[in-house]
Amino acid sequence: MQRVDGFGVGRVPLTFDAAMFNVTRTLPLLFIAVALAVNTSQASDCDSTPCDACLDFETYTGTASRWSVQGQYLMWWTNGADSPALVTTSDPASLRSEAGVIGNPTTEVLYGNDSPNSEMRNGVRLSIGRPISDRWNFYGEGLYVGDAGDPFRQFSSGQPILARPYVSAQTGLNDSELVAFPNVLEGAISVETESRLFGFEIGASSVFSEDKDTRISIFTGYRFIQFEDSLGVQEDLESIDLGGVVPLGTTFRVNDSFEAKNQFHGVNLRLEIEKQLNRWDLVFQPSLALGSMERTVSTAGTTRTQIPGLDPTFVDGGLLAQPTNIGQDTSSVFTVLPEFRFSLGREVLSGLRFDVGYSFLLLPKTFRAAEQIDPNLNASQIGGGALVGPGAPAVARNESHLWNQSITFSVALQR
């Protein structure tokens, strides 16, 4: 079957909840403004002699003008995305029509039917704080977690058989596209994934209650988190069939690309409970962030065909990225992000402390690249053909919950 390739990207209608988007950006600023207003009112109640609450707070911070800086190294894990089978192989004696087809007794999945991007990855969190009055602190923090992608690559001169499985939208039966088959096609296939998470938080905090060995603080502010990931499949094929319909030496490059981006904007409310145990500090921080999650899925597919002696041709559409699902799709939903952190640490020198801890963060209703792949295919579109029959693959819009957990190692400096 002749394959061709192209670079145009189609569009699908975009949807966007502008009201929620604006509200979730405005509410955090209102919270901070109210907090500062309350602080101004309360500060006026203190005369030139500080009250007990002020003295306790200054005793804890050392002085009202000190900056605190904390750096954290994060050993980070996240649940993997659910990926359909993307690369298969079969027994060398398989018929061409059965090679790599799911359901064939000799077919084996080489990539997919699992959860990519679940490996441990490295991250960092940086936090800063500074008292802005007797009762209130400014705080800010930034978070970055890097990629943990594990690329898959394989080449075959015909043996072993390589294929890409799909479900025929016309018949409802399993089928496959060949990547390598004895005396017909040689080829290489690669699957690459990438993902990263980053964000920041900014706001104000205040001591709610404090006694000899326990301190409870409240934090309120604006929170932004972005999680994005991608999955790409590339085939490089060459015809080795001496008597085939496709001229000998014809090459194809087939690309499918799926990207998902999730942006959260909202108000964050956090409680910090700190308990002093001899020279150790035990800290527990539960929090809830309320706001809007904007999800965007971008799909692209191209095929390039080079017949010996002729100019290359290009069309839109790879295999599972076709004109029926190529483009960009955006939606927004209201959601709540729960998080809790736990740490145990102590001051080792004046103004210098070390902590070890654990954190858990849940991002509900996220889009993930691997989960946006529709394994159904109407093959009439392959090679730039006109669609005949049902439109498939379709825009998936599959959402899932993304959980993140980490073991944290912290160094804090106060000057």
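Output yes when any residue across the stretch 287-306 is touching a Lys or Arg at 6+ places or on another chain (Cβ under 6 Å) and over 30 Å from P375 (Cβ atoms), and no when none is.
Taking every residue of the stretch 287-306 in turn, at least one turns out to be touching a Lys or Arg at 6+ places or on another chain (Cβ under 6 Å) and over 30 Å from P375 (Cβ atoms).
State all residues of the stretch 175-192 that are touching a Phe, Trp or Tyr at 6+ places or on another chain (Cβ under 7 Å) and surrounded by fewer than 18 Cβ atoms within 10 Å (Cβ to Cβ); if no residue qualifies, say none.
Passing the criteria: A188, S190.
If you go through the stretch 307-317 one residue at a time, do you hit one that is among the aliphatic types (A, V, I, L, M) and within 24 Å of the chain's Cα centre (by Cα)?
no
Name the strands (runs of 3 or more DSSP E) wholly inside the stretch 303-415 in which the number of residues that are touching a Leu at 6+ places or on another chain (Cβ under 9 Å) is 2 or more.
Answer list for the stretch 303-415: 327-349, 352-367, 399-414.
Modelled with pLDDT of 95 or more and more than 21 Å from F200 (Cβ to Cβ): which single residue out of T305, T296 fits that description?
T305
Given V336, V283, V356, V348, which one is free of Cβ contacts under 8 Å to residues at least 40 places away in the same chain, surrounded by fewer than 20 Cβ atoms within 10 Å (Cβ to Cβ) and among the β-branched types (V, I, T)?
V348 is the lone residue from the list that is free of Cβ contacts under 8 Å to residues at least 40 places away in the same chain, surrounded by fewer than 20 Cβ atoms within 10 Å (Cβ to Cβ) and among the β-branched types (V, I, T).
Which numbered condition trips up N183, out of (1) on the phi > 0 side of the Ramachandran plot; (2) free of Cβ contacts under 8 Å to residues at least 40 places away in the same chain?
In the conditions (1) on the phi > 0 side of the Ramachandran plot; (2) free of Cβ contacts under 8 Å to residues at least 40 places away in the same chain, N183 misses (2) alone.
Quick check on F334: is it under 25 Å from L197 (Cβ atoms), within 16 Å of the chain's Cα centre (by Cα) and among the aromatic types (F, W, Y)?
no
Could you tell me which residue of the stretch 241-276 is farthest from the chain's Cα centre (by Cα), considering only residues that are hydrophobic (A, V, I, L, M, F, W, C) and closer than 25 Å to L320 by Cβ?
Only one residue tops the list, namely V245.
Can you name every residue in the stretch 275-292 that is at pLDDT below 95 and either under 13 Å from G221 (Cβ atoms) or among the aromatic types (F, W, Y) (or both)?
Across the stretch 275-292, the qualifying residue is only W280.
Output yes when any residue across the stretch 340-357 is touching a strand residue (DSSP E or B) at 6+ places or on another chain (Cβ under 6 Å) and closer than 30 Å to V101 by Cβ, and no when none is.
No, every residue in the stretch 340-357 fails to be touching a strand residue (DSSP E or B) at 6+ places or on another chain (Cβ under 6 Å) and closer than 30 Å to V101 by Cβ.
Consider D211 against the criteria (1) touching a strand residue (DSSP E or B) at 6+ places or on another chain (Cβ under 9 Å); (2) free of Cβ contacts under 8 Å to residues at least 60 places away in the same chain; (3) within 30 Å of E272 (Cβ to Cβ); (4) surrounded by fewer than 16 Cβ atoms within 10 Å (Cβ to Cβ): it satisfies all of them except one. Which criterion is unmet?
Going through the list (1) touching a strand residue (DSSP E or B) at 6+ places or on another chain (Cβ under 9 Å); (2) free of Cβ contacts under 8 Å to residues at least 60 places away in the same chain; (3) within 30 Å of E272 (Cβ to Cβ); (4) surrounded by fewer than 16 Cβ atoms within 10 Å (Cβ to Cβ), D211 breaks only (1).
Applying the selection to the stretch 375-397, what residues are under 19 Å from the mean Cα position of the chain (by Cα) and buried (at least 16 other Cβ atoms within 10 Å of the Cβ)?
Our first condition is that a residue be under 19 Å from the mean Cα position of the chain (by Cα); within the stretch 375-397, this holds for 395-397.
Those that are under 19 Å from the mean Cα position of the chain (by Cα) and buried (at least 16 other Cβ atoms within 10 Å of the Cβ): V395, A396.
From V167, V87, V101, which residue is β-branched (V, I, T), over 25 Å from E186 (Cβ atoms) and either loosely packed, with under 15 Cβ neighbours inside 10 Å or modelled with pLDDT of 95 or more (or both)? Explain how you work it out, then say what you get.
Values: V87 fails: over 25 Å from E186 (Cβ atoms); V101 fails: over 25 Å from E186 (Cβ atoms).
Criteria check complete, one pass: V167.
V245 passes all but one of (1) crowded, with 18+ Cβ neighbours inside 10 Å; (2) over 20 Å from Q159 (Cα atoms); (3) of a type in the set (V, I, T); which number fails?
Answer for V245: the failing condition is (1).
Can you name every residue in the stretch 250-280 that is crowded, with 18+ Cβ neighbours inside 10 Å and in a loop (DSSP other than H, G, I, E, B)?
T250
For the stretch 215-227, indicate whether the set of residues that are surrounded by 19 or more Cβ atoms within 10 Å (Cβ to Cβ), aliphatic (A, V, I, L, M) and in a strand (DSSP E or B) is non-empty.
Looking for residues that are surrounded by 19 or more Cβ atoms within 10 Å (Cβ to Cβ), aliphatic (A, V, I, L, M) and in a strand (DSSP E or B), one finds at least one in the stretch 215-227, hence yes.
Exactly one condition in (1) free of Cβ contacts under 8 Å to residues at least 60 places away in the same chain; (2) surrounded by fewer than 18 Cβ atoms within 10 Å (Cβ to Cβ); (3) not basic (K, R) is false for Y73; which is it?
(1)
Hey, does the stretch 242-258 have a residue that's farther than 30 Å from T313 by Cβ and basic (K, R)?
no
If you go through the stretch 219-239, how many residues are farther than 18 Å from P151 by Cβ and modelled with pLDDT under 95?
0
For a quick check of your reading of the model, give me the residue pairs whose first member lies in the stretch 306-323 and is of a type in the set (F, W, Y), whose second is not in a strand (DSSP E or B), with beta-carbon atoms closer than 7 Å and at least 6 apart or on different chains.
Close Cβ pairs satisfying both conditions: F314/V4; F314/D5; F314/G6; F314/F7.
The values are calculated or read from the model by the stated rules, or taken from the named source; none is laboratory data. Not measured: the values here are computed from a predicted model. Heads up, the Cβs are rebuilt from the backbone with ideal geometry, glycines too, and the neighbour counts pull from every protein chain shown.
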